1. Are any of the residues in the stretch 182-191 under 20 Å from Ala64 (Cα atoms) and either part of a strand (DSSP E or B) or in contact with a helix residue (DSSP H, G or I) (Cβ under 7 Å, 6 or more places away or on another chain) (or both)?
2. Show the residue pairs meeting these rules: Cβ distance below 6 Å; 6+ apart or different chains; first residue within the stretch 143-165 and closer than 17 Å to Asp194 by Cβ; second residue of a type in the set (S, T, N, Q).
3. For the stretch 144-162, what are the residues that are touching a strand residue (DSSP E or B) at 6+ places or on another chain (Cβ under 8 Å), surrounded by fewer than 18 Cβ atoms within 10 Å (Cβ to Cβ) and small (Gly, Ala, Ser)?
4. Any idea which of Ala98, Ala104, Ala42 is in contact with a Cys (Cβ under 8 Å, 6 or more places away or on another chain), of a type outside the set (Val, Ile, Thr), within 20 Å of Asp194 (Cβ to Cβ) and not in a strand (DSSP E or B)?
5. Please state which one of Leu22, Leu34, Leu96 is modelled with pLDDT under 90 and either small (Gly, Ala, Ser) or in contact with a strand residue (DSSP E or B) (Cβ under 8 Å, 6 or more places away or on another chain) (or both).
6. Which condition number does Val197 fail, the rest of (1) modelled with pLDDT of 95 or more; (2) more than 18 Å from the chain's Cα centre (by Cα) being met?
7. What number of residues in the stretch 151-183 are within 29 Å of Val121 (Cβ to Cβ) and of a type in the set (Lys, Arg)?
8. What number of residues within the stretch 118-137 satisfy the criterion of being assigned to a loop (DSSP other than H, G, I, E, B) and either in contact with a strand residue (DSSP E or B) (Cβ under 7 Å, 6 or more places away or on another chain) or buried (at least 16 other Cβ atoms within 10 Å of the Cβ) (or both)?
Amino acid sequence: MMLSAPVRRLLRAALPLSCLLLGACALPVSRPPLQHSYRLDAPDVRTAPLPQAVVVQLLPVTAAAGFQTAAMMYSRSPQTLEPYRDSRWLAPPSRLIADAIAAALRRQPWVSAVQQQTVLVDAPWALHCSLQRLEHDVHGSRGTVRLDLTCELADRHGRGVAAHWRFDGSEPVAVNDAAHFAQAAQVLLDRAVDAVVQHTRSAVQAAGTSAAAAGAHGGAGDGG
C-alpha cells in the first residue's frame, strides 16, 4: 500500500516528536527529599520523697530568637545560624523541652501535680525556663551540640525567687548530621532535666524545713 506524499511528510514530522516524548518518559522523576522529624524525650529521673507533695506550675518555655520554630539549627561560624533543609524537630524545641520537664516532674513522689496549660489550683511553686540555644556547631574540627537553658523557680508563698540556675552544656558528635545532632541533644537534655528536678526538689525541701522550724519555734513560744 503506497502512502501519499502528504501522509509521508506528516509521519516524518511526527517521528522526532514521538522519540522525544518516549525519552522524557524514561527520565527519572525528580521527587522532593524525604523530610525527617526528630523528638526529645523525658529522662527517667528518680528522687526520694519529701514529707509533703506539692503542686508545681510549669510556665511555657520561652525561646531566644532563631530557636522559636521546629527547625534544627546549625552554625558554620560563630556569626551564622542556619536550619537543616530536610530535618526538623517534631515540634519547636521549647515545647519538647517543656514536655520533658513536666513528664520528669510528674514522676517524682514529692510532686502531686504539674500544671501547664490548665490551672486548677493555686500552685505554691512556679517554674519558668528559657531556651537560649540548641544548635549543632559544625565549624570546628569535630561537631559539637550545645544546649543553653536558664530556669527560675518562684516560691509563691514566700513571694520570691527560690532558685535560679543555668545549664550550659556541650556534647561532641562523631558525624555532623541531623541524626547525631538529635542523639547528642537528648544526652544534653537528660542532664538539663535532671538539674531542673534536683534544683526544684532542693528548694521545696528547704522551704519545708524552714516552715517546720518556724512552726516548732512558734509552738515553743506559745508553750512558754
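1. Yes; the residues of the stretch 182-191 include at least one that is under 20 Å from Ala64 (Cα atoms) and either part of a strand (DSSP E or B) or in contact with a helix residue (DSSP H, G or I) (Cβ under 7 Å, 6 or more places away or on another chain) (or both).
2. Close Cβ pairs satisfying both conditions: Asp148/Gln132; Thr150/Ser130; Leu153/Thr200.
3. Gly160
4. On the way: Ala104 fails: in contact with a Cys (Cβ under 8 Å, 6 or more places away or on another chain); Ala42 fails: in contact with a Cys (Cβ under 8 Å, 6 or more places away or on another chain).
From the options Ala98, Ala104, Ala42, the qualifying one is Ala98.
5. Leu34
6. (2)
7. 2
8. The qualifying residues number 4.
The values are calculated or read from the model by the stated rules, or taken from the named source; none is laboratory data. Every value quoted in this text rests on a predicted model; they were computed, and no experiment measured them. So basically every Cβ, Gly included, is an ideal-geometry build from the backbone, and we count neighbours across all protein chains shown.
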